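A short write-up of the structure that comes next.
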Amino acid sequence: MGIFKKSSSVSTLIMEQIKDVEGCLINFENFMRAAVKPEIPMETLRSLSVGVHQMENAADRSLRVMIDFLGSANYLPSPREDLISIAAKCDKVANKCQHAAMLIIVQKFRFPEKYGSDVMEILEITKEQFQLLKESVCLLFSRFNELLSDHSILDEIREYESRVDKIEERLYERIYDEDIGLAERNQMAGFVEMVSDISDIIEDIADSIQIILITRKG
């Protein structure tokens with residue numbers, strides 16, 4: 001049983017929202033795969049960024065639908081707050097993807113190709129991490145006791161974030177060893193931070209799920 005009794009509607013709504021967030025992350029990965037290739041024209045990046053923006057909008061709409069449903073449904077305040085908190089934090093993943101894509105377009109920024117493999121590795125790890133998050137949210141709202149008895153999946157999510165941290169640190173070291181202007185180095189480092197922040201958000205959601213497990217434990 002989940003933390004919501006008779007929660008099929010709630011589970012459906014949150015999984016729909018997470019599906020939209022996942023779609024935004026996938027579109028962002030496709031966008032970044034092009035952004036690290038200097039031969040890809042900026043107009044192609046603009047077209048790819050539209051897909052990121054559309055899925056971010058879809059995730060926002062899904063979140064609003066869920067909040068409206070909870071506002072009209074008869075649920076206790078604490079479980080309702082838990083669900084809204086998790087969903088709102090998931091929405092931050094889509095927001096981060098859309099913001100990073102938008103800045104790359106506006107600034108006409110291109111990652112140097114030599115950093116491309118590391119940047120894409122961060123996104124591959126993050127995508128796998130998000131799959132674990134999706135599974136853990138499903139467990140939270142459908143098989144709470146199962147997740148309560150074995151929440152090792154949350155530790156796995158944190159391990160993925162640690163892997164991202166190591167790549168992020170390696171990229172910073174390489175960037176600041178570059179013989180270029182400080183402003184250019186800071187710009188590159190800023191985009192690395194934005195891409196890496198997605199994994200941090202996912203880890204934060206895993207922490208929130210564990211807090212829910214502790215506070216709702218019978």
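The values are calculated or read from the model by the stated rules, or taken from the named source; none is laboratory data. Computed from a predicted structure; not experimentally measured. Backbone-built Cβ (ideal geometry, glycine too); neighbour counts: all protein chains shown. The area values use the complete protein model at the heavy-atom level, side chains included, leaving out ligands, DNA and RNA. Shrake-Rupley method; radii C 1.70, N 1.55, O 1.52, S 1.80 Å.
The alpha carbon gyration tensor of the range 44-111 gives principal lengths a ≥ b ≥ c with a/c of 1.5 or higher and a/b greater than b/c, which makes the shape prolate. Exposed loop sites here are GluC sites (Glu not before Pro) assigned a DSSP state other than H, G, I, E or B and surrounded by at most 15 other beta carbons within 10 Å; excluding them, the longest clear run of the chain is 40-177.
Answer rounded, prolate or oblate for the range 67-165, using the Cα gyration tensor with square roots of eigenvalues a ≥ b ≥ c: rounded when a/c is under 1.5, else prolate when a/b is larger than b/c, else oblate.
Oblate, because a/c is 1.5 or more while a/b does not exceed b/c.
Full extension of the chain between SER162 and ASP204 yields a length gain of 13.9 nm, computed as 0.36 nm times the residue separation minus the alpha carbon distance. Neighbours of ARG33, meaning other residues whose beta-carbon lies under 14 angstrom from its beta-carbon, give a summed charge of -3 when Lys and Arg score +1 and Asp and Glu score -1.
Would you please classify the overall shape of the range 159-203 from the alpha carbon gyration tensor, given that a ≥ b ≥ c denote the square roots of the eigenvalues, rounded means a/c under 1.5, and beyond that prolate means a/b larger than b/c while oblate covers the rest? Display every interim value, and only then the final one.
Working: a/c = 5.62, a/b = 2.00, b/c = 2.81.
Here the range 159-203 falls in the oblate category.
Using C-alpha pairs under 8 Å with a sequence gap of at least 6, the mean separation divided by the residue count of the range 149-218 gives a relative contact order of 47 percent. Rg and Dmax, both from the Cα atoms of the range 1-157 and both in Å, are 17.7, 55. Every helix of 4 or more DSSP H residues in the chain counts as -39500 (n - 2.57), and over all residues that averages to -30000 deg cm²/dmol at 222 nm. Count Lys and Arg as plus one, Asp and Glu as minus one, and take only other residues whose Cβ is under 13 Å from that of GLU156; the net charge is then -4.
Annotation: the range 121-214 has a Kirkwood hydrodynamic radius of 14.4 angstrom, from the mean reciprocal C-alpha pair distance.
Neighbours of ILE86 by Cβ distance under 14 Å: Lys/Arg scored +1, Asp/Glu scored -1, total -3. Relative to the longest principal axis of the Cα atoms of the chain, helix 8-35 runs at roughly 10 degrees.
Share of the chain's accessible area from carbon and sulfur, percent, 1.4 Å?
Values: 5430 of 10470 Å².
Summing carbon and sulfur atoms, their accessible area is 52 percent of the total for the chain.
Under the simplified labelling scheme, the ARG64-PHE109 pair shows an inter-label distance of 2.9 nm, with each label point 7 Å from Cα along Cα→Cβ. Computed from backbone phi, the HN-Hα couplings of the range 116-128 come to x, 5, 5, 4, 5, 5, 4, 6, 5, 4, 5, 5, 5 Hz, rounded to whole numbers (Karplus: 6.51 cos²θ - 1.76 cosθ + 1.60, θ = phi - 60°; Gly and Pro given as x). Over the chain, accessible surface divided per residue gives 48 Å², non-protein components excluded, 1.4 Å probe.
Applying a threshold of 19 Å to the alpha-carbon distances of LYS134/LYS166; LYS37/LYS114; LYS92/LYS166; LYS37/LYS96; LYS19/LYS166 flags LYS134/LYS166; LYS92/LYS166; LYS37/LYS96; LYS19/LYS166 as lying beyond it. Contact order, relative form, for the range 1-149: 43 percent (alpha carbon pairs under 8 Å, 6 or more residues apart, mean separation divided by residue count). Placing R0 at 25 angstrom, the Cβ-Cβ distance between SER72 and GLN131 gives a FRET efficiency of 0.20 after rounding to 0.05. Remark: spin-label model distance ARG216-ASN95 equals 2.3 nm, labels positioned 7 Å along the Cα→Cβ axis.
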